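The values are calculated or read from the model by the stated rules, or taken from the named source; none is laboratory data. Values in this document were obtained by computation on a predicted structure and should not be read as measured data. Glycine gets a Cβ as well: all are built from the backbone with ideal geometry, and neighbour counts include every protein chain shown.
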Amino acid sequence: MIYLDHAATTPLREEVLREMLPFFTGEASANASASYGAARQAREAIDRARAQIAAAIGALPGEIYFTSGGTEADNWALRGAATVFPEKKHIVVSSIEHHAVLHCAKALEAQGMEIGIIPVGADGIVSPVDAARVIRGDTALVSVMLANNEVGTIQPVAQIAAIAHERGALMHADAVQAVGHIPVDVRALGVDMLSMSAHKFYGPKGVGALFVRHGVHIGRLIAGGAQERGMRAGTENTPAIVGMGCALQLATQHLKEDGMKLSQMRDILMQEILRYILGARVNGSMENRLPGNLHMTLPGANAQMLLMQLDMAGIAASSGSACTSGAPERSHVIRAMGMAGENEADLRMTIGIENTAPQMLQAAREIARLVTG
Ligand code: PLP
């Protein structure tokens with residue numbers, strides 16, 4: 001199989017699995033909150049992972065809170081911020097956020113919050129000028145993603161954070177697609193909160209983290225025991241947390257060389273598809289983009305049919321479109337960018353470290369054969 005869906009999830013690195021294994025069985029599988037020696041082993045491993053994650057994003061270990069993934073981190077940031085300023089009833093998000101943010105904002109709207117939406121340009125970038133028009137003096141939180149999961153565009157989060165702070169709002173960035181792929185420094189970004197998820201950088205699924213800057217006191221999302229300094233209850237998933245720390249440390253070590261390798265493969269795939277398919281276009285800025293992301297619109301193709309045929313040809317990709325009652329719908333991101341025309345299909349190809357240049361050539365040929373007949 002040629003796997004081109006790394007934005008959906010990445011395979012676990014072998015080294016990461018090896019680090020995780022001791023914490024599933026035997027002594028080190030003890031509950032990290034217990035007081036005996038074996039539990040201390042688990043506690044120390046969690047603390048080590050917290051330090052690894054903090055170091056990778058320029059944070060302090062005490063600013064990292066483990067969660068069940070990116071979705072929980074996003075929900076916590078939005079709902080937590082809503083409790084910081086009970087008098088502020090306005091939350092701002094961009095139109096291209098992941099559903100983990102958009103649907104949570106919708107739920108908050110149903111509970112009485114007012115939601116402001118920052119539009120996006122045709123290049124998939126949310127402009128600070130547009131953000132300044134939507135952020136108000138009574139805005140509690142601004143949430144703009146660092147990198148988009150469909151078109152891979154990298155957003156000017158630092159500039160938007162400055163505007164948010166000027167108006168007294170907190171700033172959250174969903175960095176689920178960015179962390180482990182591009183340099184992320186929470187101080188340089190000026191964010192108050194930042195979401196991460198391990199399975200996007202060759203770590204395990206079902207574990208993530210929320211960075212919460214020291215001095216920011218958000219409400220709890222999950223109540224119960226005293227884990228995560230009383231901020232996120234539930235027995236820690238020690239093997240997953242260990243895996244997340246190890247995976248992010250490895251991803252950070254190889255960030256530059258992996259980024260170069262990925263963007264080279266991305267360019268081969270893009271050039272070949274553009275050469276074979278007349279009228280194909282690339283969506284989203286090429287300058288501000290994740291190295292492994294290629295998102296194209298192909299004329300005359302049907303997204304569902306194409307993905308099925310690609311699957312039969314041993315190629316795993318995605319369209320980013322939601323399918324409701326059999327009718328393929330263009331994604332909210334492509335529609336917000338104003339790029340959804342008639343009789344065309346979107347194809348998201350996200351490249352990973354185990355892909356090769358020959359695979360790019362083969363995938364491009366296969367896609368062209370299916371689209372052009
Ligand atoms: N935010 C973004 C931008 C994502 O791409 C994803 C996953 O696809 C999520 C949030 C949700 O993360 P998780 O799958 O860890 O819940």
- Residue ID - farthest from the ligand (Cβ to nearest atom), chosen from residues in the range 197-223 that are more than 17 Å from P11 (Cα to Cα) and out of contact with any helix residue (DSSP H, G or I) (no Cβ under 7 Å at 6 or more places or on another chain): G215
- Item | Candidates I91, I96, filtered to the one that is within 24 Å of the chain's Cα centre (by Cα), within 16 Å of the ligand (Cβ to nearest atom) and not hydroxyl-bearing (S, T, Y) | I96
- Filtering the range 59-88 for residues that are touching a helix residue (DSSP H, G or I) at 6+ places or on another chain (Cβ under 7 Å) and within 10 Å of the ligand (Cβ to nearest atom) leaves a count of 5
- Query: Any idea which residue in the range 160-173 is nearest to the ligand (Cβ to nearest atom), counting only those that are more than 21 Å from the chain's Cα centre (by Cα) and not aliphatic (A, V, I, L, M)?
  - Reply: H165
- Query: Restricting to the range 233-262, what's the tally of residues that are part of a helix (DSSP H, G or I) and crowded, with 18+ Cβ neighbours inside 10 Å?
  - Reply: 19
- Can you give me the number of residues within the range 81-124 that are in a loop (DSSP other than H, G, I, E, B) and within 27 Å of V282 (Cα to Cα)? 10
- Item | Given (1) closer than 25 Å to I118 by Cβ; (2) at pLDDT 95 or above, number of the condition V84 does not satisfy | (2)
- Message: Need pairs with beta-carbon distance below 7 Å; first residue touching a residue at least 60 places away in the same chain (Cβ under 8 Å) and assigned to a strand (DSSP E or B) and within the range 138-164, second within 11 Å of the ligand (Cβ to nearest atom) and of a type outside the set (A, V, I, L, M); sequence gap 6+ or separate chains.
- Response: S143/E97; S143/D174; A147/Q177
- Message: Of everything in the range 336-373, what is within 28 Å of A178 (Cβ to Cβ) and among the polar types (S, T, N, Q)? Give them in sequence order.
- Response: T350, N355, T356, Q359
- Task: Select from the range 174-191 the residues that are near the ligand (Cβ under 10 Å from one of its atoms) and touching a helix residue (DSSP H, G or I) at 6+ places or on another chain (Cβ under 7 Å) and list them in ascending order.
- Result: D174, V176, Q177
- Message: For a quick check of your reading of the model, give me the residue pairs whose first member lies in the range 186-200 and is under 10 Å from A175 (Cα atoms) and in contact (Cβ under 8 Å) with a residue 60 or more places away in the chain, whose second is acidic (D, E) and within 11 Å of the ligand (Cβ to nearest atom), with beta-carbon atoms closer than 6 Å and at least 6 apart or on different chains.
- Response: S195/D74; S195/D174
- Query: For G62, all conditions in the list (1) surrounded by 21 or more Cβ atoms within 10 Å (Cβ to Cβ); (2) under 20 Å from A233 (Cβ atoms); (3) not β-branched (V, I, T) hold save one; what is the number of the exception?
  - Reply: (1)
- Message: Just to be sure before I move on: is S321 crowded, with 16+ Cβ neighbours inside 10 Å, among the polar types (S, T, N, Q) and either at positive phi or modelled with pLDDT under 95 (or both) in the structure I sent?
- Response: yes
- Message: So for the range 30-38 (the condition being assigned to a helix (DSSP H, G or I), at pLDDT 95 or above, farther than 30 Å from A317 by Cβ and not hydrophobic (A, V, I, L, M, F, W, C)), does at least one residue qualify?
- Response: no
- Message: Can you tell me which of (1) more than 11 Å from the ligand (Cβ to nearest atom); (2) closer than 17 Å to E72 by Cα; (3) in a helix (DSSP H, G or I) is the one L194 doesn't meet?
- Response: (3)
- Does the range 146-158 include one or more residues that are aliphatic (A, V, I, L, M) and either more than 30 Å from Y202 (Cβ to Cβ) or away from the ligand (no atom under 16 Å from the Cβ) (or both)? yes
- Query: Across the range 198-232, which residue is farthest from A140 (Cα to Cα) among those that are among the small types (G, A, S) and assigned to a helix (DSSP H, G or I)?
  - Reply: A198
- Does A32 qualify as being farther than 15 Å from V186 by Cα, aliphatic (A, V, I, L, M), within 16 Å of the ligand (Cβ to nearest atom) and buried (at least 21 other Cβ atoms within 10 Å of the Cβ)? no
- Task: Please indicate, with yes or no, whether at least one residue in the range 65-80 is surrounded by fewer than 21 Cβ atoms within 10 Å (Cβ to Cβ), β-branched (V, I, T) and touching an Asp or Glu at 6+ places or on another chain (Cβ under 9 Å).
- Result: no
- Message: Going residue by residue through the range 276-288, is there one that turns out to be part of a strand (DSSP E or B) and touching a strand residue (DSSP E or B) at 6+ places or on another chain (Cβ under 8 Å)?
- Response: yes
